[in-house]
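Enquirer: Have a look at this one.
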Amino acid sequence: MALTLTILVGTMTGTADLVAQDVAEALTSHGVTVDIVPMDGLGPDVFAAGGLFLICSSTYGQGDVPDNGQALFNALEAERPDLAHVRYGVIALGDRTYTATFCYGGKRFDALLGELGAQRIGDVLLHDANAGTLPEEVAVEWAVPWLDGLKVALGQAA
């Protein structure tokens with residue numbers, strides 16, 4: 001059974017876009033159909049049909065979700081839809097010099113989706129902008145084993 005994955009991108013400067021593109025390319029080479037969707041203008045209905053999602057979010061300001069993801073995040077908080085039919089992963093981008101809010105854009109999405117019943121697959125990838133590594137390279141290294149875990153969770157051979 002072919003997998004279809006939607007990568008929802010929350011970004012301020014475009015880094016999360018680059019990460020999403022490289023992850024999509026890597027997962028496509030493993031037979032996954034990937035759609036990259038910027039969070040701009042999205043509402044909770046993006047999750048209505050269920051499915052597989054990857055949240056790729058930077059962190060902005062004092063641990064905030066990026067501007068283009070604020071409407072989606074706020075609507076999910078307000079409407080509190082049942083997301084039991086959603087499986088997801090998270091790539092969170094941040095800067096460890098902001099220790100109190102490191103990667104909170106992605107962490108906030110993770111916490112909220114979990115509260116709404118969605119099932120996270122695998123660990124959240126936390127990337128530090130000051131680590132001396134390229135986030136897209138680290139994300140690709142993380143994504144292939146994450147895909148294997150997703151397949152196991154879905155009862156498919158990894």
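Enquirer: Is it the case, given these coordinates, that G106 is touching a Ser or Thr at 6+ places or on another chain (Cβ under 8 Å) and either of a type in the set (V, I, T) or in a helix (DSSP H, G or I) (or both)? Break it down stepwise before answering.
Expert: Details: touching a Ser or Thr at 6+ places or on another chain (Cβ under 8 Å): yes; either of a type in the set (V, I, T) or in a helix (DSSP H, G or I) (or both): yes.
Answer is yes for this residue.
Enquirer: Follow-up. Which one is modelled with the lowest pLDDT, of the residues in segment 11-49 that are within 15 Å of the chain's Cα centre (by Cα) and loosely packed, with under 13 Cβ neighbours inside 10 Å?
Expert: Across segment 11-49, the extreme among qualifying residues is G14.
Enquirer: Another question about this same structure. Hey, among the residues in segment 61-82 that are part of a loop (DSSP other than H, G, I, E, B) and touching a strand residue (DSSP E or B) at 6+ places or on another chain (Cβ under 9 Å), which one's surrounded by the fewest Cβ atoms within 10 Å (Cβ to Cβ)?
Expert: First pass over segment 61-82, keeping only residues part of a loop (DSSP other than H, G, I, E, B): 61-63, 65-66, 80-82.
Okay, now just the ones that are also touching a strand residue (DSSP E or B) at 6+ places or on another chain (Cβ under 9 Å), so 63, 65-66.
On the way: G63: 16, V65: 27, P66: 22.
Applying the filter and picking the extreme gives G63.
Enquirer: So if I check each of V152, V140, which one is at pLDDT below 95, among the β-branched types (V, I, T) and either surrounded by 13 or more Cβ atoms within 10 Å (Cβ to Cβ) or assigned to a helix (DSSP H, G or I) (or both)? Spell out how you get there, then give the answer.
Expert: Values: V140 fails: at pLDDT below 95.
Selected residue: V152, the only one of V152, V140 that is at pLDDT below 95, among the β-branched types (V, I, T) and either surrounded by 13 or more Cβ atoms within 10 Å (Cβ to Cβ) or assigned to a helix (DSSP H, G or I) (or both).
Enquirer: In segment 83-103, which residues are among the aliphatic types (A, V, I, L, M), surrounded by fewer than 20 Cβ atoms within 10 Å (Cβ to Cβ) and assigned to a loop (DSSP other than H, G, I, E, B)?
Expert: Filtering segment 83-103 down to residues among the aliphatic types (A, V, I, L, M) leaves 83-84, 86, 90-93, 100.
Among the residues that remain, those that are also surrounded by fewer than 20 Cβ atoms within 10 Å (Cβ to Cβ) are: 84, 100.
Across segment 83-103, the qualifying residue is only A84.
The values are calculated or read from the model by the stated rules, or taken from the named source; none is laboratory data. Just so it is clear, the structure is predicted and the values come from calculations on it, not from any experiment. Here the Cβ is made from the backbone with ideal geometry for all residues, glycine too, and neighbour counts use every protein chain on show.
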